[in-house]
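Trainee: Take a look at this one; I'll ask things after.
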Amino acid sequence: MSIYPKNISNGENLIIHLRFSNKGRKIQKVRYVLSVSNPNDKQIFLKEDNVILGVGKDEFIKQLYYSLYINNRFIPGKYIVKFYMICNEHIIESETKDNDYFYVENLKYYNLNGNTIINNNSDEKTNFKLYKGTNIEKFTINGKQKLRLKGKYNYIEYANNKIDLIKDKNKS
């Protein structure tokens, strides 16, 4: 299984790619289960289905893709994706199970009194870049942390290369 992108923000699509293969000489009926759990360990997506794997000269390959639209109902943090197959009464887990996750990132940012304020709404650390003119600076913010940076930055880049304008916050 592969997941793209690993870091994502509101308003984007996440793609989950499943790859099935049959190296045998017999057609196989495989049952599979795909689930996604949010940072609170609540299951938010479940797909159970069957797939028929044919035979090929060396190997038969079937690929499936699932798309999840990340909206404001997705809380910030780490999401766990679980995938397994049942073939000939045997459970086969994902070969990539240790890396089957993604992060929904949610930063709030604004300029105030000549400073740039960055607030991480996730429990997970987030990497981001700030742009001021032609200068680019890289930062990491820990979960639930708030940063006050000297200077007024123009743009922020994080998650899946999301670039946004950093606006001035009204003093009132």
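Trainee: Might you let me know whether segment 79-95 holds any residue that is surrounded by fewer than 12 Cβ atoms within 10 Å (Cβ to Cβ), of a type in the set (Gly, Ala, Ser) and not in a strand (DSSP E or B)?
Mentor: no
Trainee: Name the residues in segment 52-77 that are farther than 16 Å from residue 104 by Cβ and assigned to a loop (DSSP other than H, G, I, E, B), would you?
Mentor: Answer for segment 52-77, where residues must be farther than 16 Å from residue 104 by Cβ and assigned to a loop (DSSP other than H, G, I, E, B): 54, 55, 56, 57, 58, 59.
Trainee: On to the next question. Could you count how many residues in segment 122-154 are within 16 Å of residue 166 (Cβ to Cβ), open to solvent by less than 90 Å² (accessible area, probe 1.4 Å) and part of a loop (DSSP other than H, G, I, E, B)?
Mentor: 4
So that you can scan it fast, the table gives a plain yes or no per residue for (1) loosely packed, with under 14 Cβ neighbours inside 10 Å; (2) within 25 Å of residue 162 (Cβ to Cβ); (3) touching a residue at least 24 places away in the same chain (Cβ under 8 Å):
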| position | (1), (2), (3) |
| --- | --- |
| 38 | no, yes, yes |
| 51 | no, no, yes |
| 57 | yes, no, no |
| 69 | yes, yes, yes |
| 102 | no, yes, yes |
| 105 | no, yes, yes |
| 111 | no, yes, yes |
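The values are calculated or read from the model by the stated rules, or taken from the named source; none is laboratory data. The model shown is predicted, which means the values in this text are computed figures rather than measured ones. Methodologically, a virtual Cβ is constructed for each residue, glycine included, from the backbone with ideal geometry; neighbour enumeration extends over all protein chains shown. In case anyone asks, the SASA skips ligands and DNA or RNA and just uses the protein heavy atoms, side chains included. Shrake-Rupley method; radii C 1.70, N 1.55, O 1.52, S 1.80 Å.
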